[in-house]
Amino acid sequence: MEVQRPHAVCIPYPAQGHISAMLKLAKLLHHRGFHITYVLTQLNYTHIMKARNFLPLTQSPTFRFETIPDGLPSRENPDTALDVADLCFSTAKNCYAPFMELIHRLNRSSDVPPVSCVVSDTFVAFTVGVAQELGIPVVLFWPISAVASLMHIYSSDLRDKISKNKDANFGDYIIDWIPGVESIPLSDIPTTAWSTDPNDPFIDYIISEVASKSYKASALIFHTFDELEPEVCKTLSSMFHRVYTIGPIPMLLHGLPESDEIDKIECNLWKEDSTCIQWLDTKIPKSVVYVNFGSMTVTDPEKLVEFAMGLSKSMQNFLWIIRPELISGDWSTILPPEFMDAVKDRGYIVNWCDQEQVLNHPSVGGFLTHCGWNSMVESMSAGMAMVCWSFFADQPINRYCCCSQWRLGLEIENDVKRENVESVVRELMEGENGREVKKKALFWKERAEVATSVGGSSFLNLDKLIGEVLLSGGQHFPNGV
Ligand code: UDP
């Protein structure tokens, strides 16, 4: 008889980047012998199924999907982008009972082993209470950089200091008191970690439902590796008993022997357009700039036109992913006809792609990104240098670290202008600074490979997480030191 697998219930915050990162973590755990229940919200499940023409996500008996409601009332237009704060409030208020009921149901089922642990995105930390009630370990996964995570953990202090400096010009206000973090302007701190409004309900949520739950969870995972953020990792280890830096997760996955059934599981909210790969196949090595602003960015037609004209004037080949919700309206009627004419032989635009496949395609030579953490990690894993433009949440600090600390990116100003896009993109592809950041990108790829190879810090931390926490036999200890 097969030995019963330990059973991890994995639940992401219900947005694309979080879903993909948690899915990869779940695949790693599955490879280490766990039975996985992966929990999606009903609405996202419907979108994912639609994007894959209702093909089942998996047939594996040991990797299964379940759904719970996101708690939001039904929307007039279910295709509109979801508001980050609404999703946080709603999941915190409404998902506790359905999640608890799901675990009870799994425990009653003779089909699956009893649930032994919960691996939860930190932005849906209502799960901590559920796991504590059941007496099983719960690990919170911060799917962002260690420094961005630390800044969220410091959101209460940020609120206090900012309210005492009400008259400051916040653009120039320097944060130099977070241990392990060098002086940094407030404008580069995650927009989801601070506010000038002392009663901002979203910051209340971050303080009470995210930061403080980190002290109550059994352990924390940060999606980074020690060499990338040494000082911040030290700070986090001094604040919590059990901290595991596990990243880049895409690289840990690539190190595994192939298992077709599990490898193939994908949870995309949009349908991938593979024609862009055929288009890339026609281009010479390293000649294409890949442009993608992720799954949540929303911009206005003026900015879209500035990007378009800058790309056009840079005279580089480009593959641009324009998600339908990136702007309101149809991009093909917003972009000027002279743009379409000028780029018809060297530009290609689609809705959504397999980003990792694109980043690893030999024709791609640079990535113009909105600095979402998953995109940065995937870019680093591919040794790809970046042009960095940030929009909100943790993106400003990711841009700052990428361009000023790790130096594998060149920066585009927030208030984007076509001349700036043109010159920075050209510099990345042809200039001296471009050569420097490309060298750094290869350097960080190599360091990440060391961290994720046998004996590397992230590789060992995954083992430790499993042995010390996930298989700890139901014990639960608060995590604050
Ligand atoms: N992604 C993708 N295809 C696209 C755009 C994005 O597969 O056309 C994936 C990308 O690989 C990443 C995630 O969506 O894993 C986006 O997450 P990220 O943290 O970069 O940004 P967010 O969407 O959360 O702003």
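Some notes on this structure:
- Region 174-320 - convex hull of the alpha-carbon atoms, volume per residue in Å³: 233 Å³
- Label point at LYS264 placed 7 Å out along Cα→Cβ; residues across region 38-58 whose backbone nitrogen lies under 20 Å: 38, 48-58
- Degrees, to the nearest 10: 16-31 long Cα axis against longest axis of the chain: 50 degrees
- Near SER453, once Lys and Arg are set to +1 and Asp and Glu to -1 for all other residues with Cβ below 15 Å from its Cβ, the sum equals -3.
- Distance from the C-alpha centroid of region 408-438 to that of region 138-157: 30 Å, rounded to the whole angstrom.
- Between the Cα long axis of helix 84-94 and the first principal axis of the chain there is an angle of about 10°, rounded to the nearest 10.
- Whole-Hz couplings from phi, Karplus 6.51/-1.76/1.60, listed for region 326-338; x for Gly and Pro: 4, 9, 7, x, 9, 4, 5, 9, 8, 6, x, x, 5
- Average projected area [Cα convex hull, region 344-435], square nanometres: 6.4 nm²
- Mean Cβ neighbour count within 10 Å, used as a protection proxy, ranking 266-273, 305-312, 372-379, 187-194 highest first: 372-379, 305-312, 187-194, 266-273
- Placing unit charges on each Cβ (+1 for Lys and Arg, -1 for Asp and Glu) gives region 402-451 a dipole about its Cα centre, and among ALA441, VAL421, CYS402 the Cα reaching farthest toward its positive end belongs to ALA441.
- Sites matching GluC sites (Glu not before Pro) across region 8-111 that sit in DSSP coil, with at most 16 neighbouring C-beta atoms within 10 Å: GLU76
- Cα centroid separation, region 249-302 to region 442-457: 22 Å.
- Cα principal axis extents for region 1-144, largest first, Å: 51, 36, 30
- If R0 is 41 Å, the Cβ-Cβ spacing of VAL454 and GLU231 corresponds to a FRET efficiency of close to 0.95.
- Length-normalised contact order for the chain - Cα pairs under 8 Å, 6+ apart - percent: 18 percent
- Entries in LYS417/LYS438; LYS50/LYS264; LYS164/LYS213; LYS344/LYS439; LYS213/LYS264 that, when Cα-Cα distance is taken, lie over 28 Å: LYS344/LYS439; LYS213/LYS264
- Carbon + sulfur, % of accessible area of the chain - ligands and nucleic acids excluded, 1.4 Å: 52 percent
- Region 1-53-region 384-404 distance, computed between alpha-carbon centres (Å): 28 Å
- Against the chain, whose longest principal axis is taken from its Cα atoms, helix 42-51 shows a tilt of about 50°.
- For TRP320, the residues 5 or more places off, or on other chains, whose built amide H falls under 5 Å of its own are VAL291, TYR348, ILE349, VAL350.
- FRET efficiency, 1/(1 + (r/R0)^6) with R0 45 Å, evaluated for GLU468 and ASN199 via beta carbons: 0.70
- Dipole magnitude of the chain about its Cα centre (Cβ charges: Lys, Arg +1; Asp, Glu -1), debye to nearest 20: 900 debye
- Approximate shape of region 115-254 as ellipsoid semi-axes (Cα gyration tensor, √5λ), whole Å, largest first: 27, 19, 11
- A convex hull fitted around the alpha carbon atoms of region 245-295 yields 173 Å³ per residue.
- The chain: C-alpha pair distances exceeding 45 Å, %: 9 percent
- Taking only Cα atoms of region 299-343, radius of gyration then Dmax in Å: 10.1, 27
- The ASP157 and SER183 beta-carbon pair, evaluated with R₀ = 22 Å, returns a calculated FRET efficiency of approximately 0.90.
- Region 1-71 gives an Rg/Rh value of 0.99, both radii derived from C-alpha positions and Rh following Kirkwood.
- Hydrodynamic radius of region 265-349 per Kirkwood, over alpha carbon pairs, in Å: 13.8 Å
- For the chain, the solvent-accessible area with a 1.4 angstrom probe is 41 square angstrom per residue.
The values are calculated or read from the model by the stated rules, or taken from the named source; none is laboratory data. Not measured: the values here are computed from a predicted model. Positions of Cβ are backbone-derived with ideal geometry, glycine not excepted, and every protein chain shown enters the neighbour counts. All accessible areas refer to the heavy atoms of the entire protein, side chains included, with ligands and DNA or RNA removed. Shrake-Rupley method; radii C 1.70, N 1.55, O 1.52, S 1.80 Å.
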